[in-house]
Amino acid sequence: MFHVEQKETHIEVVDHFLTKETFKIQKTLLPGLLQTHPSPSKNEIQKYYSSDKYISHDSAGSGTFHFIYRLIRRINFWFKTRLISKKELFGELLDFGSGDQYFKQQLQRRNYNVFGIDPLKPNPSKQVFDSVFNNSLDNKKFSCITAWHSLEHVHELENVVKRFYQILDDNGIVIVAVPNHRSFDAKHYKSFWAAYDAPRHLWHFDKESIKKVFNNHGFSFMKSTPLLFDAYYVSLLSEKYKKSRFTIFNSIMVGTISNIKAFFTKEYSSNIFVFKKTKTNI
């Protein structure tokens, strides 16, 4: 287990989105992996999602933020599907943390057979289940599992990764996207950095820690790709939390600086990682 070093606090943050409660982002025994403390239980965490404005489940809303969210989502979807199509995948796919089902639905339109996982909006009749541990998936073997900004939310991180291994076929891959707490925008916004999103985000990764988590459980790292537009969206939300007078201008400026710096440091705001299942689980 990734035990927390209770005396090692990386930063204190506020739940700017909903409750205004304060949380600590603490270091774990795995370098680069941070954990929110206190971490609400599975029952307690529900109240932190109980808002119609939680954007990943309210993407049909109006206003500037929803417009930008939908625009970035379309652009990112092109990158994501391009990544999948290059793999020439056959068989069934699983979208872990499927949210409003946008990605799942778009893949279905491209004739993929896609299952989804969403504890907040399960719908078994549409192949969307409440948990990756649901018995209905026990006999499934997926060619690909995607986890777009969803691993940050899970309580049992190691068990989820182990479950991915179990339900992947022998040549299966996992495609993961997570924020990077070592990026320029994270350091710039500090406690206002929207990608901390405590306590909904229980885990916080850097590039090496996410690789280590998967390497420890039978996966080999294949490649990573930055999600360049995430720097702008995270900066936009961060400026909103700061109650900035020049929200859009500042977010464009910080997002651009973050991406330019990352061109040299490779510490992008958010990255996609591709992992392949190895023959022998560790």
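The values are calculated or read from the model by the stated rules, or taken from the named source; none is laboratory data. Since the structure is predicted, the reported quantities are computational estimates derived from the model, not experimental observations. Neighbour counts run over all protein chains shown; Cβ positions are idealised from the backbone, glycine included. Remember, those area values only see protein heavy atoms, side chains included, never the ligands or the DNA or RNA. Shrake-Rupley method; radii C 1.70, N 1.55, O 1.52, S 1.80 Å.
Checked across region 16-25, the condition of being of a type in the set (Asp, Glu), under 29 Å from residue 251 (Cα atoms) and at pLDDT 85 or above holds for at least one residue. Of all the residues in region 146-191, those that are in contact (Cβ under 8 Å) with a residue 60 or more places away in the chain and among the polar types (S, T, N, Q) number 5. Candidates 131, 125, 183: the one that is touching a strand residue (DSSP E or B) at 6+ places or on another chain (Cβ under 7 Å) and hydroxyl-bearing (Ser, Thr, Tyr) is 131. Residue 227: closer than 25 Å to residue 31 by Cα, in contact with a strand residue (DSSP E or B) (Cβ under 7 Å, 6 or more places away or on another chain) and modelled with pLDDT under 95, yes or no? Criteria met by residue 227. Scan region 133-180 for residues that are of a type outside the set (Gly, Ala, Ser), closer than 25 Å to residue 259 by Cβ and open to solvent by less than 10 Å² (accessible area, probe 1.4 Å) and the total you get is 7. With respect to residue 231, is the statement that it is closer than 26 Å to residue 81 by Cα, part of a helix (DSSP H, G or I), of a type outside the set (D, E, K, R) and touching a residue at least 40 places away in the same chain (Cβ under 8 Å) true? Considered against the rule, which asks whether it is closer than 26 Å to residue 81 by Cα, part of a helix (DSSP H, G or I), of a type outside the set (D, E, K, R) and touching a residue at least 40 places away in the same chain (Cβ under 8 Å), residue 231 comes out as yes.
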